[in-house]
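Heads up: the structure comes next, in structure tokens.
Since every read-out is calculated from the coordinates, none of them should be taken as a lab result. Just so we're clear, the structure is a prediction, and the values are computed from it rather than from any experiment. Note: ideal-geometry Cβ built from the backbone for every residue, glycine included; neighbour counts use all protein chains shown.
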Amino acid sequence: MKIFSMPSLIAILLLSTAIVSCKKDDPEFQQENMATLSIEFDNIVGGQNLVLDNSTYTNSSGEKYTVNLLKYFISNIKVTKANGDEYTVPQDSSYFLINEADPETRFAKVNVPEGEYTQLTFTLGVDSLRNTMDISKRTGVLDPAGEMAEGMYWTWNSGYIFFKMEGSSDAAPADPTGQHKFRYHIGGFGGYDAPTINNIKTITIDLTQGGVPKVRSGREANIHLMVDISKVFSGNTTLSIAANPTVMFSAFSVNIADNYAAMFHHDHTEN
């Protein structure tokens, strides 16, 4: 057994105290220090910016289409550091409705502990627990009364529409008004009493290639995501407007949800 002299023991204790003090003063270890993290959802089609109503795009089936409406819910945001430490944003502060027609909604802003984060995780949709909570617990963008006007809630099915895209295409059959419309309203949280369609998608994004966000008080880090809606039409399933002009609460909606889960790409981070 090695025996230390009294001066050596004092030196060791002082060094240990200094190390603990450094860790305590380092913002990286002060989880109570919160700052704003912004997540930007920049909707595109392939390499083009998404423009509602006026621009024409071509899908993987060779069908030309125009998008008139695009909305989707983002929720349950979580960030992870390189050492594996995770922080989950409190649920009541973690529901956002991205609406292409309203530029202000493209930014989801949350408070997280100061630090550098290498991974972002979120849900595309609304989790089953919140779908089944009492109405009083569903406020803000989740207020069914408000979102019925926005068209993101099925009153007949008592659940949220997670993703809604509508547009026009000559590939779609004419409706009773003579318009050639396509409508994709995707939802389904697994059911109340018996299993049903579950289109809740968890998205995990590596932030190391595009630059990690450095979250600090006094400045706002912004994770800039590109959201490529052309992925809705391609992936494990090729979606043809002619074959499927309207998809809502049906088995085929699972294929569309599997496709659009791949829409998100981290382009860069602004610190």
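A few remarks follow.
- Estimated FRET transfer efficiency when R0 is 30 angstrom, pair residue 209-residue 101 (beta carbons, to 0.05): 0.45
- For the pair residue 118 and residue 179, a Förster radius of 35 Å applied to the C-beta separation gives a FRET efficiency near 0.15, rounded to the nearest 0.05.
- Counting DSSP beta bridges with both ends in segment 155-271, the antiparallel % (nearest 5): 90 percent
- Sparse-neighbour loop sites [chymotrypsin sites (Phe, Trp or Tyr not before Pro); segment 94-139; at most 13 other C-beta within 10 Å; DSSP]: none
- Computed from point charges on the beta carbon alone (+1 for Lys and Arg, -1 for Asp and Glu), the dipole magnitude for segment 57-107 about its Cα centre is near 140 Debye.
- Sparse packing (at most 15 other Cβ atoms within 10 Å of the Cβ) combined with a DSSP loop state is found for none of the trypsin sites (Lys or Arg not before Pro) in segment 196-266.
- Loop-located chymotrypsin sites (Phe, Trp or Tyr not before Pro) in segment 176-250 (DSSP state not H, G, I, E or B) with no more than 13 neighbouring Cβ atoms inside 10 Å: 192.
- Placing unit charges on the Cβ atoms of the charged side chains and taking the dipole of segment 93-132 about its Cα centre, the candidate lying farthest along the positive direction among 95, 111, 128 is 128.
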